[in-house]
Amino acid sequence: MNILITGGAGFIGSHVVRLFVNRYPDYYIVNMDKLTYAGNLANLADVEDKPNYSFVRADICDFETVMGVLKEHHIEGIIHLAAESHVDRSIRDPFSFAQTNVMGTLSLLQAARNYWESLPEGYEGKRFYHISTDEVYGALDFDNSFFTEDTKYDPHSPYSASKAASDHFVRAFHDTYGMPTIVTNCSNNYGPYQFPEKLIPLFINNIRQGKSLPVYGKGENVRDWLYVEDHARAIDLIFHKGRIADTYNIGGFNEWRNIDLIKVIIATVDRLLGNAEGTSLSLISYVTDRPGHDLRYAIDSTKLKEELGWEPSLQFEEGIERTVRWYLDNEEWMRQVTSGDYRRYYEEMYSNRQ
Ligand code: NAD
Ligand code: DAU
């Protein structure tokens, strides 16, 4: 198969690209990424020379370029991860979220439609797999309820509103044109290569540097955490075995109040750095809450388990230990992404590929 993965230089996308390139030597994987601040080709240094992989720097909103790539590489499957992904940024700049997440997804859908409908076999053997988020479902109370695939959409942030709109467009392309689409909605991911604006890598880095840890509100909001490689495995399974036109929720049944999670991170970093227990607790600083801050997310992934046999492979304690170790061991990666040196790195990489 020839597969286009969008957003492959980002956090989750880089794990998906790595999994597909290594696991399927007979597939050809094209990674299309605009390389925004969140895209970093250093995340893929170990696969960049593989014969079944190539990188195209492009904006998914650029319809002509997307069309050209689909035709040139005879793309049969699309796994769409490219997005603006950070809620706080969406509050400051909602337009760029509508642009990439809504218009970009539409551009990709329309290009796929034009290309696949022009082939003699049409949509036969094709797949458009859209990666979405649990945030489209809104927020839960502290009442043991879960988001299921039937939960009504109720997005609250510009980020989740833009993702919800993109999910609707994907489903509309199935219902209107018969495009073979799949949508999955996943909970919070954690693991290596996550941009340090997100809670876990930000806090690990701040603890290492003795900087304060900005806890929004009272730290009582709850998130459901999944190790990123388990999400990538689920994507692999659903891409190959998922039912067309269906939706699957992906999550780890692993809820943590932010403040409890933060204490686990502090304890782990302190231990691995050889600090006395509790050293970094004093870095906690309660700050003004995020506007519209969703109280609780919790995914029910029973359908995925029962229909396709997927379960998270990693216990949270092991996942967080691995994650903290990775960020502490990869100080240079962290230094580059926080200093902006990585931009120079990928500008050089990109010019080498022209
Ligand atoms: P990320 O911000 O780390 O990476 C996004 C990638 O998309 C970057 O490489 C960026 O350069 C690229 N990109 C952005 N705009 C683009 C454009 N216009 N054209 C081409 N490329 C563009 O994001 P992530 O955390 O890896 O999330 C990936 C996907 O998974 C997103 O669709 C997100 O909504 C979804 N998701 C994320 C989580 C999570 O916890 N991180 C959970 C559920 C779903
Ligand atoms: O649920 C899936 C979503 O998870 C994805 O769709 C998003 O792309 C991803 O960014 C993530 O969204 P969150 O807003 O939940 O993640 P974030 O890491 O920004 O924040 C996690 C929680 O921690 C949230 O309740 C806000 C809080 N927080 C975050 C930051 C960055 C803080 O208290 N302080 C902080 O500095």
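The trypsin sites (Lys or Arg not before Pro) found in region 183-214 that occupy coil by DSSP, while having at most 15 further C-beta atoms within 10 Å, are Lys211. In this structure, the residue pairs whose Cα-Cα separation is over 23 Å, taken from Lys34/Lys211; Lys263/Lys305; Lys198/Lys303; Lys34/Lys305; Lys50/Lys198; Lys198/Lys263, are Lys34/Lys211; Lys263/Lys305; Lys198/Lys303; Lys34/Lys305; Lys50/Lys198. Entry note: region 15-123 has Rg to Rh equal to 0.99, where both radii use alpha-carbon atoms and Rh is the Kirkwood radius. Think of region 128-222 as a dipole: +1 on every Lys or Arg Cβ, -1 on every Asp or Glu Cβ, centred on the Cα centre; then among Tyr177, Ile131, Gln209, Gln209 lies furthest on the positive end.
Based on other C-beta atoms within 10 Å, arrange Ile235, Ile265, Ile284 from fewest to most.
Ordered by Cβ neighbours within 10 Å, fewest first: Ile284, Ile265, Ile235.
Dividing the mean sequence gap of close Cα pairs (under 8 Å, 6+ apart) by how many residues region 1-96 holds gives a relative contact order of 36 percent. Here region 3-24 and region 212-285 have alpha carbon centers that stand 21 Å from each other. Rounded to the nearest 20 debye, the dipole magnitude of the chain is 520 debye, with +1 charges on Lys and Arg beta carbons, -1 on Asp and Glu beta carbons, and the Cα centre as origin. Size estimate for the chain follows the Kirkwood approach: the inverse of mean 1/r over distinct Cα pairs works out to 20.8 Å.
What's the angle, to the nearest 10 degrees (0 to 90), between helix 63-72's Cα axis and the longest principal axis of the chain? It works out to around 70 degrees. If each residue's Cβ is checked for other Cβ atoms within 10 Å, how do Ser313, Ser14 rank with the fewest at the top? Arranged by neighbour count, lowest to highest, Ser313, Ser14 become Ser313, Ser14.
At a Förster radius of 25 Å, what calculated FRET efficiency corresponds to the Cβ-Cβ distance of Leu295 and Tyr37, to the nearest 0.05? My answer for the efficiency is 0.30.
Rounded to the nearest 0.05, what FRET efficiency do His240 and Asn22 give with R0 = 22 Å and r taken as the Cβ-Cβ distance? Could you check?
Step by step, r from the Cβ atoms, then E = 0.90.
Every number here is computed from the coordinates shown, using simple stated rules; none is lab data. Please read these numbers as outputs of a predicted model, since none were measured by experiment. Because the Cβ atoms are built from the backbone with ideal geometry, glycine has one as well, and the counts that use them run over all protein chains shown.
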